[in-house]
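As structure tokens, the structure follows; a few thoughts come after it.
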Amino acid sequence: MSNAPVDQILTVPERTEATAIRIHGYGGPDVLVHETIPLARPAAGEVQIRQHACGINYIDVYQRTGSYKLPNLPAVIGMEGAGEVLEIGPGVTSLAVGDRVAYAMSPGGYASHRNIAADRLVPVPAGVSYETAASAMLQGMTVRYLFRETYPVAAGTVMLFHAAAGGVGLIACQWARALGATLIGTVSTPEKAELAKAHGASHVVVVRHGEPFVDEVKALTGGRGCDVVYDSIGQDTFPASLDCLKPKGMWVSFGASSGPVPPFEVSALAYRGSLFATRPSLAHYIARREDLVANAADLFQMIASGAVTIPVNQRYPLADAARAHRELEGRQTTGSSVLIP
């Protein structure tokens, strides 16, 4: 990114409104309202960007339903996007008008234009499309921290990864293959099983709602169990996920698409083999600027090397956000999805 003089705030026409998806109350997909909203000029430390693609993630559903309470309503939901810098706020010297940028974990993503803190943006490398960047940031950096930091995955690591045909899952399949790890994935249909295998899953177990999967995982591991279980499902896969671990294995609960994990006695970890359990969040792994930059750089290096591709399998106009949410919650999607303003 290039240095930008402060007087660049005068080089573009003032923009006073944007189109966005807002919620005025919590609920189902019908609470997503496509409307025009006022847009101020960027404040000190901010830039204004025109978004070319907005990422869709399950955290957006949590915001919409109120599982994750928002500070104020009405509010623009969405946490991820990519676009070009249109205007520079006072004090910003790290960005220039026209820079291609992306972000994750910054509320307000479902919009045609938005203001955002400059230090939350990373450059989009040449050759990476806006759609890829908008899909890669949250989901790709999630895989990166899960594999590099939460539980360091290496050649020979045996893992169970739920929802292996989803946006995070397909990236995980590829990343695990690149590291030489064995990934056992769970999916909900035979078609999704083939997709996960095509992206690098070593084994795939088809699990419909409420069906058991422990015996199949144990058989695939020769009765030993997994080193680590990555679980974004929550209620439907607990406590079975714990039963798939070997002694001293780690259960990583990083989402709850089927509902929250119920309270449980910590002694459940002891009698299953002195297990470890953690509930990480990407926000904490990229809270510092230097960690955000390092995480994104590692992700984009994996993409540039060809080890990881980002399958953007669903594209929706911004106004169709409600349909996008219905299909996401109905498990009708694979890979990543984006809204196009």
field: Count of segment 77-115 residues which are more than 23 Å from Val168 (Cβ to Cβ) and surrounded by 15 or more Cβ atoms within 10 Å (Cβ to Cβ)
entry: 18
task: Scan Ala277, Ala283, Ala256 and give me the residue that is hydrophobic (A, V, I, L, M, F, W, C) and either free of Cβ contacts under 8 Å to residues at least 24 places away in the same chain or more than 27 Å from Lys246 (Cβ to Cβ) (or both).
output: Ala283
- request: Go through segment 79-93 and give me each residue that's more than 22 Å from Ala283 (Cα to Cα) and not acidic (Asp, Glu).
  value: Val85, Leu86, Ile88, Gly89, Pro90, Gly91, Val92, Thr93
field: Residues of segment 11-38 classified as assigned to a loop (DSSP other than H, G, I, E, B) and at pLDDT below 95, total
entry: 6
- prompt: Inside segment 319-330, can you point out the residues that are touching a residue at least 60 places away in the same chain (Cβ under 8 Å) and surrounded by fewer than 19 Cβ atoms within 10 Å (Cβ to Cβ)?
  reply: Ala319, Ala322, Arg323, Arg326, Glu329
- prompt: Can you pull out the strands (runs of 3 or more DSSP E) entirely within segment 64-130 that have at least 2 residues that are within 14 Å of Pro42 (Cα to Cα)?
  reply: 80-88, 113-117
- request: Specify which of the listed residues (His199, His209, His284) is modelled with pLDDT under 95 and either of a type outside the set (A, V, I, L, M, F, W, C) or more than 18 Å from the chain's Cα centre (by Cα) (or both).
  value: His209
statement: Across segment 149-186, the tally of residues that are surrounded by fewer than 21 Cβ atoms within 10 Å (Cβ to Cβ), small (Gly, Ala, Ser) and not in a helix (DSSP H, G or I) stands at 4
message: Just checking, does segment 75-90 include any residue being at pLDDT below 95, more than 21 Å from Gln301 (Cα to Cα) and of a type outside the set (A, V, I, L, M, F, W, C)?
response: no
query: Here is a list of conditions, (1) in contact with a Gly (Cβ under 8 Å, 6 or more places away or on another chain); (2) outside the structural domain of Tyr62 (by TED's automatic domain parsing), and Ile303 meets all of them except one; can you say which number that is?
result: (2)
message: Name the single residue that is surrounded by the most Cβ atoms within 10 Å (Cβ to Cβ) among those in segment 57-76 being touching a Phe, Trp or Tyr at 6+ places or on another chain (Cβ under 8 Å) and β-branched (Val, Ile, Thr).
response: Ile59
- prompt: Is it the case that segment 44-62 has a residue that's on the phi > 0 side of the Ramachandran plot, in contact with a Pro (Cβ under 9 Å, 6 or more places away or on another chain) and among the small types (Gly, Ala, Ser)?
  reply: yes
field: Residues of segment 24-62 satisfying the condition of being of a type in the set (A, V, I, L, M) and under 27 Å from Ser129 (Cβ atoms)
entry: Leu32, Ile37, Leu39, Val47, Ile49, Ala53, Ile56, Ile59, Val61
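The values are calculated or read from the model by the stated rules, or taken from the named source; none is laboratory data. Note that the coordinates shown come from a computational prediction; the quantities given were computed from them, not determined experimentally. Note that we place each Cβ from the backbone using ideal geometry, even for glycine, and neighbour counts take in every protein chain shown.
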